[in-house]
1. Using a 1.4 Å probe and counting only protein heavy atoms, arrange E532, E473, E507, E467 so the residue with the most accessible area comes first.
2. Pick out, from V282, S294, S258, the residue whose Cα sits farthest towards the positive end of the charge dipole of region 228-343, with +1 on the Cβ of Lys and Arg and -1 on the Cβ of Asp and Glu.
3. So what's the back-of-envelope 222 nm ellipticity for the chain, counting only DSSP H runs of four-plus at -39500 (n - 2.57) apiece and dividing by all residues, rounded to 500?
4. Considering every pair of different Cα atoms, what Kirkwood radius, in Å, is found for the chain?
5. Which percent of the accessible area of the chain is formed by carbon and sulfur heavy atoms (probe 1.4 angstrom)?
6. Quick check: Cα centre of region 96-128 to Cα centre of region 407-484, how many Å?
7. Pulled fully out, how much extra length does the chain show between K151 and I30, if you take 0.36 nm times their separation in residues and subtract their Cα-Cα distance?
8. Tell me, what is the per residue accessible area of region 60-163 in Å², probe radius 1.4 Å?
Amino acid sequence: MILLAALSLAVSLPLSAQSKGFTIGQWTEIRNAITRELNRSYVDSLPVARIEKAAIDAMLEELDPYTIFVPEEEKEDFQMMIAGTYGGIGAIIYKPDKNGNVLINEPYAGSPAARAGLRCCDEILEIDGVSTHGLTASEASDKMKGKPGTKVKFLVKKCFAGATWAAGDNVEVVITRERIHLPDVEYAGMLDGTTGYVLQSKFTEGVSNSVKDAFLLLKKQGMKRFVLDLRGNGGGLLNEAVGIVSLFVPRGSVVVTSRGRIEGSGQVFKTGSDPVDTEMPVVVLVDSGSASASEIVAGALQDMDRATIIGTRTYGKGLVQSIRPLPYDSQLKVTTAKYYTPSGRCVQAIDYTHRKEDGSVGHIPDSLTHEFKTLHGRTVKDGGGITPDHEVKAKEYSRLTYSLVLNGIVEQFTLDYVRRHEKIAPVEEFHLGDAEFDRFVAFAKGKEFDYRSSAKAMFDEMRKTLEKDGLSENMKPELDALAKALEIDKEQFLRMKKDEIIPFIEEEIVVRYYFQEAGVKLRLRYDTQLKEALTKPAIVIPD
């Protein structure tokens, strides 16, 4: 009987593998047959490349949101996404009208564009002799990008006077393209006499060294408490996450474990270098936009009782992707494993197909979660994302404020402001005055955008549903009265939300004069979530 069972097991394994192989071969043959038949008999010319790409994308969508096909023509954009680099001049452009000119919107600090004297509101009339009229923003951007070391020539209408030109002059500017790397550490500085702060936006190559350098510099400035801000950080390279954790825990500590379907594919990632500090209090700020590598850092430091995690529950992406080469210089980014924190928690959401509007994990019943213990015995749970030690919610903004930002009203006003002001006060002293806010209100009033309140938008949807169900006529007097009560004048609403709107305008303005780091400094001025987080006590380790 024992021998029979063993023989049955031995036979079933290869049969199973053969069955899967046969199924794959069967469907490959069917798909190829369909493509050949369509190519032979379909009434119109067959767009083979488009339908094959659509078929591949649809197939991968059935697996998870992170397994994607990258054709050769999209490799540059893919490289930009995973490494934060591209070949170009280092500037964000603005081109709302296809038949208009390109405006320099935001040059990056220290970029070739900035060194060549390009600044916000300069107009690009030509790129390598080609007029920008008739080009889309994407087409203009593509012409500005290119292989590092190559040159690109611009005809620029200058917004402000310079040493050798007057405002409005057309000037030829030749710039050598470089490999542009957007810094992962967007800002590092002291919040007060003892609290150091680092804002980290991504996990591309070298960021752990950047965080280390920033930490050591802040320590020299008197830092006694360190805040690592990972809010909105969607992740990146796993080894960089390990490198950041290694700054604060002993060498050889387990940071994360990955487990895949293939036998022997599991890996244990440990810190491989000596820490810079194992005693200083560390605070890690997270939110629903903190994902992947951000969750590895937060989860590992929480499991080792090394940091206090503050904010809101993280995104819940505990999947590891690998890049596999494919024919014709294409690539497959494929999910190959799940990762687990030192306590054994899987950060991956239980069901990643059903999430909240922002993509983060929704409510998870306690019955579906499991308890784990940190290094010193504190209880933590799985089920999706990292639950902070102290929940502190971010400031909520009105629908109007979001609409002003998303519809570009704030950006358009900022460009108008820059044209009228060659210089502004330093970031620490800059404030938008009442007269300029009045100008903004007048500017926004003249623009078409959805300025309804959330209540009015919900009411309008409810009324449509009532009309669809044939119930609105019976309730018409009540509905009309409620609609009138919810109606609000555009100018009145803008002035009502003045305190919400001004920080967004100020941030956009200071970036145009003092680059991206200035925007972070301005944002910190109004960051109520950070200010509340700094009042929370450090984690209490059980005796």
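The values are calculated or read from the model by the stated rules, or taken from the named source; none is laboratory data. Keep in mind it's a predicted model, so treat the numbers as computed, not measured. Using ideal geometry, Cβ is built from the backbone for each residue, glycine included, and neighbour counts are taken over all protein chains shown. To get the accessible areas, we keep the full protein, side chains included, count just its heavy atoms, and leave off ligands, DNA and RNA. Shrake-Rupley method; radii C 1.70, N 1.55, O 1.52, S 1.80 Å.
1. From most accessible down to least: E473, E467, E532, E507.
2. Ranked along the dipole, the leading option is S258.
3. Taken over the chain, the calculation gives -12000 deg cm²/dmol.
4. 27.4 Å
5. That share works out to 55 percent.
6. Their Cα centres are 29 Å away from one another.
7. So the chain would gain 38.6 nm between K151 and I30.
8. Numbers: 4860 Å² over 104 residues.
Here the per-residue accessible area is 47 Å².
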